[in-house]
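Participant: Quick one: the structure is below, questions incoming.
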Amino acid sequence: ISSAEATQAHLDRIASVDGDLNAFLYVNADEALATARDVDERRAAGEELHPLAGVPIAVKDVVVTKGMPTTAGSKILEGWIPPYDATLVERLRAARLPILGKTNMDEFAMGSSTEHSAYGNTKNPWDLDRIPGGSGGGSAAAVAAFEAPLAIGTDTGGSIRQPGAVTGTVGVKPTYGGVSRYGLIAMASSLDQAGPVTRTVLDAALLHELIGGHDPRDSTSIAEPLPRLVEAARQGATGDLAGLRVGVVKELSGEGYQEGVSARFAESLEILRGLGAEVVEVSCPHFTYALDAYYLIMPSEASSNLAKFDGMRFGLRVEPADGPVTAERVMAATRGAGFGDEVKRRIILGTYALSAGYYDAYYGSAQKVRTLIQRDFAAAFEQVDILVSPTAPTTAFKFGEKLDDPLAMYLNDVATIPANLAGVPGMSVPNGLSDDGLPVGFQILAPAKADDRLYRVGAALE
Ligand code: GLN
């Protein structure tokens, strides 16, 4: 089928189901169709194009897109149209992927359910009363509901992998520095990574290779070629994992994990054994403190990154209801009206953790824990080639279930956060359905710069 037909079919699907799902904040129909038609003409003329040319894609709204509204799920950016593209968007355009639009997310990527979006909840296509995960619930729901075959997400503490798990899609957080952060609206700069959300492991590999690789505009970008991901996915698909050493993270299983989640996980371990892998248990003792360290480091960095939303530079500007209109009072009024509760909570937490007198006790200690977690990974990867765990402790929960209890919400990230703290890559692949009939995710973690191992194992399990 032609790209124009495929793109139109996805736009039609969006038109018919997105009223219920709310996965999209903006639909870029005309431009997407124009790109698709252009691809069809070039193909007809015999031009050699990228394998993903003409395959439509959805982009999480935290990634800036020239000429398309970009809100990061926040009222404070309502109406802002970026004058430039993120590097990864430039690469999508250069390879001629029609961009279908921008997807819904928790405000500034803070959350695990998409309930913190200023633009309404995104619903899980498997059960409209349930969350699609977060923060990238829009991208995952769009792919799961066949509104888009491919999407881009970002993962600071699990926001690609956990939505992948609860919607039955593939989600990859690349090695830190593997995909350029230029043009991502930063939440926590030392943790953020963009990556693919897809329905198959091979699709993810193709997309990862396209958006990844060195970018001089991101000083943390790795100045080396990516490992060969597509090749690894093809190799894994042959189903031969002979000699592969797999470590089950002791601290990320058992208590606190839903029964059906643990059962599917155990079945996948059997499959890995059947394919020739050697499966052993590995202890990463400091993972128990990962959540605590993350919820100090992430708000600290976010409080600093979000200081630029001041009512002067981007989007919303609110003047105080009465009294003098000074810069400081406009900033206070804009931030008061523009940020939601979860964002305010984290700015306050982060500002407190960084303040004089508390910096060493909170931020300093959290950074030390981060180092211990990095050492746990290093020690584990001396014994095994990959580490595995369930991606999330439970299947998709109901709307409102955890909204009044931020700590319960944070607990969802227990298995995904260690990878961000250490900068190592992680993938969630669909792992069947739990006893409640909802999708479960299987998480694979590899050493930094060995993203190819994720694809080999992910494709073998598929
Ligand atoms: N759920 C985590 C949080 O709320 C992760 C978010 C993310 O990865 N962007 O911070």
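Participant: Tell me, what HN-Hα J-couplings in whole Hz come from the Karplus equation 6.51 cos²θ - 1.76 cosθ + 1.60 at θ = phi - 60° for each residue of segment 343-356, using x for Gly and Pro?
Facilitator: With coefficients 6.51, -1.76 and 1.60, one gets 5, 4, 4, 6, 5, 5, 4, x, 5, 5, 4, 8, 6, 4 Hz.
Participant: For segment 175-190, what does the Karplus curve 6.51 cos²θ - 1.76 cosθ + 1.60, with θ = phi - 60°, yield as ³J(HN,Hα) per residue in whole Hz, taken in order and with x for Gly and Pro?
Facilitator: My calculation for segment 175-190 gives 3, 4, x, x, 10, 4, 9, 4, x, 8, 6, 5, 9, 10, 4, 7 Hz in order.
Participant: With labels modelled as points extended 7 Å from the Cα through the Cβ direction, what inter-label distance (nm, one decimal) is found for Ser304 paired with Arg245?
Facilitator: 3.7 nm
Participant: Continuing with the same structure: Can you compute the FRET efficiency between Glu319 and Leu128 using 1/(1 + (r/R0)^6), with r the Cβ-Cβ distance and R0 = 41 Å? Round to the nearest 0.05.
Facilitator: With a Förster radius of 41 Å, E is 0.55.
Participant: Along segment 92-109, what does the Karplus equation 6.51 cos²θ - 1.76 cosθ + 1.60 (θ = phi - 60°) give for ³J(HN,Hα), rounded to whole Hz, x for Gly and Pro?
Facilitator: Running phi through 6.51 cos²θ - 1.76 cosθ + 1.60 with θ = phi - 60° gives 4, 5, 4, 7, 6, 8, x, 8, 6, x, 10, 9, 5, 6, 4, 3, 6, 6 Hz.
Participant: Classify segment 102-241: rounded, prolate or oblate, from the alpha-carbon gyration tensor (a ≥ b ≥ c, eigenvalue square roots; a/c under 1.5 rounded; otherwise prolate if a/b is larger than b/c)?
Facilitator: oblate
Participant: Hey, another quick one. Shape verdict for segment 3-235, please, from the Cα gyration tensor: rounded (a/c under 1.5), prolate (a/b greater than b/c) or oblate.
Facilitator: Rounded.
Participant: In addition: Quick query: amide H of Leu150 versus all other amide H atoms, modeled in the peptide plane; which residues come in under 5 Å with a sequence gap of 5 or more or a different chain?
Facilitator: Under 5 Å from the amide H of Leu150 lie the amide H atoms of Ala58, each far enough along the sequence or on another chain.
Participant: A further question on this structure: Could you rank the peptides 84-97, 393-406, 354-367 by their average count of other C-beta atoms within 10 Å per residue, with the highest value first?
Facilitator: Taking the mean over residues of other Cβ atoms within 10 Å, the ranking is 84-97, 393-406, 354-367.
Participant: Would you mind getting the Kirkwood hydrodynamic radius of the chain from its Cα pairs, rounded to one decimal in Å?
Facilitator: For the chain, inverting the mean 1/r across all distinct Cα pairs yields 22.0 Å.
Participant: Next question, about the same structure. Collect residues whose amide H, placed 1.01 Å from N in the peptide plane, falls under 5 Å from the amide H of Phe442; neighbours closer than 5 in sequence don't count.
Facilitator: So Phe442 has HN proximity to Thr391, Val429, Asn431.
Participant: Just how far, in whole angstrom, is segment 362-435 from segment 58-92 if you go by their alpha carbon centroids?
Facilitator: Rounded to whole Å, the Cα centres lie 27 Å apart.
Participant: How many angstrom separate the Cα center of segment 290-326 from the Cα center of segment 239-284?
Facilitator: Each part reduced to its Cα centre gives a spacing of 42 Å.
Participant: Follow-up question, since we're still on this one. Along the charge dipole of the chain, which of Val318, Ile152, Ser434 sits closest to the positive end, that is, farthest toward it, with unit charges on the beta carbon of Lys, Arg, Asp and Glu (+1, +1, -1, -1)?
Facilitator: Val318
Read-outs throughout are calculated quantities, based only on the coordinates presented, and are distinct from any laboratory measurement. In this text the structure is predicted, and so the values were computed from the model without any measurement. Cβ atoms come from the backbone with ideal geometry, glycine included; neighbour counts cover every protein chain shown.
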